[in-house]
Amino acid sequence: MPIKILLAKSNWEVSTTPLPRFMEQCKANGFDGAEIYLAPREESSESIRMGLEKSGLFLIAQVASQGTTP
């Protein structure tokens, strides 16, 4: 059975780039998905979903915590 490998780009290193532009760049550069830190953002979850659909990308939600991890 063939293995399908999907590539996603994280926005942590380009966090100042507006999300619509980031998603366009992901697709233009051949990525299949986008990893986005979803902590309080200016963009609504609906606008993020619509942007992903428009770009044809899947989402990897970044999860971060503060403080020490046990």
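The values are calculated or read from the model by the stated rules, or taken from the named source; none is laboratory data. Computed from a prediction, not measured in an experiment: that's the story for all the values here. Virtual Cβ from ideal backbone geometry, glycine too; neighbours counted across all protein chains shown. Ligands, DNA and RNA are excluded from the accessible area calculation, which covers all protein heavy atoms including side chains. Shrake-Rupley method; radii C 1.70, N 1.55, O 1.52, S 1.80 Å.
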Exercise for the section: Confirm whether residue 43 is of a type outside the set (Ser, Thr, Tyr) and in contact with a helix residue (DSSP H, G or I) (Cβ under 6 Å, 6 or more places away or on another chain). Expected result: yes
Exercise for the section: Find all pairs meeting these conditions: Cβ atoms under 6 angstrom apart; at least six residues apart or on different chains; first residue within the range 5-19 and free of Cβ contacts under 8 Å to residues at least 60 places away in the same chain and farther than 13 Å from residue 29 by Cβ; second residue open to solvent by 100 Å² or more (accessible area, probe 1.4 Å) and in a loop (DSSP other than H, G, I, E, B). Expected result: none
Handout entry: Members of the range 4-37 that are over 9 Å from the mean Cα position of the chain (by Cα) and in a loop (DSSP other than H, G, I, E, B)
Key = 4, 5, 6, 7, 15, 16, 17, 18, 29, 30, 31, 32
Exercise for the section: Filter the range 11-54 down to residues that are surrounded by fewer than 17 Cβ atoms within 10 Å (Cβ to Cβ) and polar (S, T, N, Q) and give me whichever is nearest to residue 66 (Cα to Cα). Expected result: 15
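Per-residue answers, yes or no, for (1) in contact with a helix residue (DSSP H, G or I) (Cβ under 9 Å, 6 or more places away or on another chain); (2) of a type outside the set (Ser, Thr, Tyr):
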{"residue": "1", "(1), (2)": "no, yes"}
{"residue": "4", "(1), (2)": "no, yes"}
{"residue": "12", "(1), (2)": "no, yes"}
{"residue": "17", "(1), (2)": "yes, no"}
{"residue": "27", "(1), (2)": "yes, yes"}
{"residue": "38", "(1), (2)": "yes, yes"}
{"residue": "52", "(1), (2)": "yes, yes"}
{"residue": "59", "(1), (2)": "yes, yes"}
{"residue": "67", "(1), (2)": "no, yes"}
